[in-house]
1. Expressed as cubic angstrom per residue, what is the convex hull volume of the alpha carbon set of the range A:20-163?
2. Keeping all protein chains in place, calculate the accessible area per residue for chain A (probe 1.4 angstrom), answer in Å².
3. Could you work out the Kirkwood radius for the range B:22-211, taking every pair of different alpha carbons, averaging 1/r and inverting it, reported in Å?
4. In nm, give the distance between the simple-model label positions of A:Glu123 and B:Leu209, each being 7 Å from the Cα along the Cα-to-Cβ direction.
5. Read phi for every residue in the range B:118-129 and hand back ³J(HN,Hα) as whole Hz from Karplus 6.51 cos²θ - 1.76 cosθ + 1.60, θ = phi - 60°, with x for Gly and Pro.
6. Taking the Cβ of A:Thr72 as the centre, find all other residues whose Cβ is under 9 Å away and add up their charges (Lys, Arg: +1; Asp, Glu: -1).
7. So which residue, out of A:Phe27, A:Phe192, A:Phe104, gets the largest mean-square fluctuation from a GNM of chain A using Cα contacts under 10 Å as springs?
8. Once R0 is set to 60 Å, what does the formula 1/(1 + (r/R0)^6) return for the Cβ-Cβ distance between A:Arg196 and A:Gln103, expressed as a FRET efficiency to the nearest 0.05?
Amino acid sequence: MAARSLLLGLIVVLGCFSETCLATISFSSLQRTLVVTASHPQRLLKAGEDKITVTWGLNQTFPTGTDSAYKTIKVQLCYAPISQVDRAWRKTEDHLSKDKTCQFKVVKRPYTTTNQTSEWTIERDVPAATYFVRAYALDAEDKEVAYGQNTDAKKTTNLFEIQAITGRHASLDIASVCFSAFSIVALMGFFFAEKRKGRKAQQ
Amino acid sequence: MEPSSPNNPLGSNNNRATEFHPFSTSTPHMLAFHLSWLSLFSCFFSTFSIPPLLPIIRQSLNLSAADVGAAGTAAFVSSIFSRLAMGPACDLVGPRVASATLSILTAPIVLATAFISSPTSFILTRFLVGFCLANFVANQFWMSSLFSNSVVGLVNGFAAGWGSMGAGFAQLIMPLLFSLVKSFNVPENNAWRVVFVVPATFQAITAVLVLVYGQELPRENHGDSKRVCDNKPKESLLEVVFNGLTNYRGWILCLTYGFCFGVEMTMDNIIAQYFYYTFGVKLEVAGIIAACFGWTNCFARPIGGVISDQMAKWFGIRGRLWGLWVVQTVAGLLCVLMGRVESLGGSIAVMCVFSVFVQASSGLTFGIVPFISNRSLGVISGMTGSGGTVGAVVTQMLLFSGDKFSTQTSISMMGLMMIVCSLPISLIYFPRWGGMFCAPYSFHQTSTDEEDYRLLV
């Protein structure tokens, strides 16, 4: 037991060291140089069915050469502040390695100087919440160097709501009801049998 | 008739087993032991089958942190009442029928996770499933009825310790089952509902086995013994309950158990998140650490029982009391230390040693419970058992909800509370066997059966 806990301790400590070796990039150090728009049907979107069309490109007001380091664009679906309230597992942190705002990948493509578009079907595992879209520009080492998002800095405009699939299924409901009925019947049957055995023993 | 002693208060063993062979299934004692701990294991497995899947469930149901906390508290609150009620139920109908009925009635509720579609129904389900933790009381009562007082501490420790491992087992197996179901291309939102078939079925099967193969008393079952004329005084249920409730020793153990078992339950709830948020380890690693904390129950709680029985051989009941106080105080000191340690490795090491001591003190507590009252054994067991969950609810609500204290400060404060609440053990006094600081008052070697039967004082 002592050897096992020592081994576990070693593994965990080594794991920790490997995490700290990664450079910690902070969101506040990134420049907002990309313009991102997202278009979708103007109603409650359904996970697994509806599509979102995302367009992104460099903001032309920035001087040429700003995008020299950009190699890849990673577009993600991110939680709006209203869906982060009292939910620490979706919290926004400045250190990108600890940030949990954007948890779903929309698309990842090599960067081009012209604007690009992608149509994305909302994955069926996306939970019910309010979202916006953010794009990160990555350099050759896959590190974030710039970003853009379809909402404002305070994340209050252009948000959209997604409705998750319910997960309930008729077969599960029926199985539950049958199981409950069977359990109760079995219990009653047992009590009845015990009573009969007791009466026979007394006779 | 043999003179009574702290190891043998009735003066004869009443056909209870005097030895414990964990790897035998001889009827009726060892078979009942295995059925009972398996049944308790299935109840812990069911109750703690939800927490490992919380990251998925909270996304699926859009739960907030407040909802998750409320559900966790609800699971313990229901067990407070069910454990209190299980005591008299065992006295009345016997532990076999009481525990199996409870298991069979709560198993469908585990499967009712299929119906959950809102935070309210989630909290309600966890509340209802929490009732099955009362099987702990039935388990301890059953073991105390079948095993003599020279090994009762050991047997109670093994039965409760192996049963409690169900929680650790759930932390490990539920995520695996979930991945298995997902691999059949089932959406996440469906998959997590499907996996609860496993704990529900397991619980129902163990309940049926207990009913069919279990035997409550060394010679017959509880219901049969009621028809045999014996020299036990006839008493109503109300008298039995009143007898138990007015015994101050039961209340002291209720308090101290709240701060060993209750602390263990609270730690089970917060430990994974503590390592995840404070030290930044990955969630899977945090889950493994949490499972380790639960799995030390395999040997730690039985060791508490062994220590209790050994101290009784050397010093009688006074030895059992001193053993409990020392082990629980050391556990409290380790808890204070755990909140002060800054490094990850040190924190894990202290947590491991702390888990052994806190679980051993649970085992030591139930080495004393059988001696408090014989006729009201169920009521005393129920009081002590529900004290454990009250302690869990109190520590969780006082120290681990909201942002008043950092988690590390809360853990240290919990350790301090453990030390303070262990002091009342010194107030427990048996006139025939003494207490921690006082010698026995009377040296009666003979007593009537009735005196022995009502209270062991």
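1. Here the figure is 116 Å³ per residue.
2. 58 Å²
3. Values: mean 1/r = 0.0590 Å⁻¹.
About 17.0 Å for the range B:22-211.
4. Placing both labels 7 Å along Cα→Cβ, they lie 4.0 nm apart.
5. 8, x, 5, 5, 5, 4, 5, 4, 4, 4, 5, 5
6. Around A:Thr72, the surrounding residues sum to +2.
7. Result for chain A, Cα springs under 10 Å: A:Phe192 fluctuates most.
8. Details: r = 60 Å, r/R0 = 1.00.
Efficiency, from the Cβ-Cβ distance: 0.50.
The values are calculated or read from the model by the stated rules, or taken from the named source; none is laboratory data. Owing to the predicted nature of the structure, the values given are computational and were not obtained by experimental measurement. Don't worry about glycine lacking a Cβ; one is built from the backbone with ideal geometry, like all the others, and counts go over all protein chains shown. Just so you know, the surface numbers come from the protein's heavy atoms only, side chains and all, with ligands and any DNA or RNA stripped out. Shrake-Rupley method; radii C 1.70, N 1.55, O 1.52, S 1.80 Å.
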